[in-house]
1. Is it the case that G216 is surrounded by fewer than 21 Cβ atoms within 10 Å (Cβ to Cβ) and out of contact with any strand residue (DSSP E or B) (no Cβ under 7 Å at 6 or more places or on another chain)?
2. Answer yes if at least one residue in region 265-282 is of a type in the set (D, E, K, R) and within 15 Å of the chain's Cα centre (by Cα), and no otherwise.
3. If you go through region 164-187, how many residues are of a type outside the set (D, E, K, R), under 29 Å from S144 (Cβ atoms) and surrounded by 15 or more Cβ atoms within 10 Å (Cβ to Cβ)?
4. Looking at region 219-232, is at least one residue under 30 Å from P44 (Cα atoms), buried (at least 22 other Cβ atoms within 10 Å of the Cβ) and at pLDDT 95 or above?
5. Taking the condition of being touching a residue at least 40 places away in the same chain (Cβ under 8 Å) and under 15 Å from the mean Cα position of the chain (by Cα), how many residues in region 213-244 meet it?
6. Please state which one of L66, L38 is closer than 30 Å to L125 by Cα and part of a helix (DSSP H, G or I).
7. Tell me which residues, restricted to region 76-94, are buried (at least 24 other Cβ atoms within 10 Å of the Cβ) and either of a type in the set (F, W, Y) or more than 17 Å from the chain's Cα centre (by Cα) (or both).
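The values are calculated or read from the model by the stated rules, or taken from the named source; none is laboratory data. The structure displayed is predicted, hence computed values, not measured ones. Note that each Cβ is placed from the backbone with ideal geometry, even for glycine, and that neighbours are counted across all protein chains shown.
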Amino acid sequence: MTDTYTPPKVWTWNQADDGNRFASINRPIAGPTHDKELPVGEHPFQLYSLATPNGVKVTVMLEELLAAGHAGAEYDAWLIKIGDGDQFGSGFVDVNPNSKIPALMDRSGDKPVRVFESGAILLHLAEKFGAFLGPQESRAEMLSWLFWQMGSAPYLGGGFGHFYAYAPEKFEYPINRFTMEAKRQLDVLDRRLGESPYIAGDAYTIADIAIWSWYGQLVLGRLYSAAEFLDVESYTNVMAWAKKIDARKAVQRGRMVNRTFGEPETQLHERHSAEDFDTKTQDKVEAAE
């Protein structure tokens, strides 16, 4: 770094595009920018999302619930294009005032209930169906790791991912700072997974779903094109765990929902029934056009 930035006494927002791929949707204020109602399907759960790691957590959870026989977990997954600013529509802001995906409306009861923040959605669904919580004696351990993910992933995504992959200029200090933290977090996980087959112990839980969606996909080479840079193969316990979870059919389905990138056969832009995986993936949509 050759130039030193001196912060002003009072920061003001420069609305000019700074070359950051997210510049057009970043802003220092909350609330809607336009009126737009959200669609509502026929199922008990209405999900508004995109297949980022945080979005994948919820679609994997819903597919796992269905695979485990919880028919009441049927859902409609509607695509929210964050690059187009869909998350700032009035309907979405009503569901999540923080304007971040994923957002869920639980319409299974007498009164619709909104749930936002991916960890809260996982916990809400797990408690509702009594599934993927692990044994009661391990509940505190499971919750600790779930909240570890919620607190740690911003350093991986907004920290490492931003400065390594997305920042318009590559500066050594922030890349080194957040690479060190990303590798420390992987070491935390590797040590833990050397003690037990799953994050919270012997049972597969929502802690695994939450952490895999970020760190599992990272070591499998799906985030930031950074696997070699981070030497992910050296985290042997994390790698084995990531591959084991990746082999689950529900995880494979969940990864596809609201996905708009990658090979067309891996993209299911919206999901309204289990049959959509066979008939409405993007390769089939394109073939029919």
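1. Judged against the criteria, G216 is not a match.
2. Step one: of region 265-282, the residues of a type in the set (D, E, K, R) are 265, 270-271, 275-276, 278, 280.
So of that shortlist, the ones also within 15 Å of the chain's Cα centre (by Cα) come out as none.
So far as region 265-282 goes, no, none of its residues is of a type in the set (D, E, K, R) and within 15 Å of the chain's Cα centre (by Cα).
3. The total comes to 7.
4. Checked region 219-232: no residue is under 30 Å from P44 (Cα atoms), buried (at least 22 other Cβ atoms within 10 Å of the Cβ) and at pLDDT 95 or above.
5. Here the count works out to 7.
6. Going through L66, L38 in turn, the sole match is L66.
7. F92
Listed here are the residues, each with its yes/no results for (1) crowded, with 19+ Cβ neighbours inside 10 Å; (2) under 30 Å from A131 (Cβ atoms).
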site	(1), (2)
N14	no, no
I29	no, no
K36	no, no
V40	no, yes
F45	yes, yes
Y48	yes, yes
P53	yes, yes
T59	yes, yes
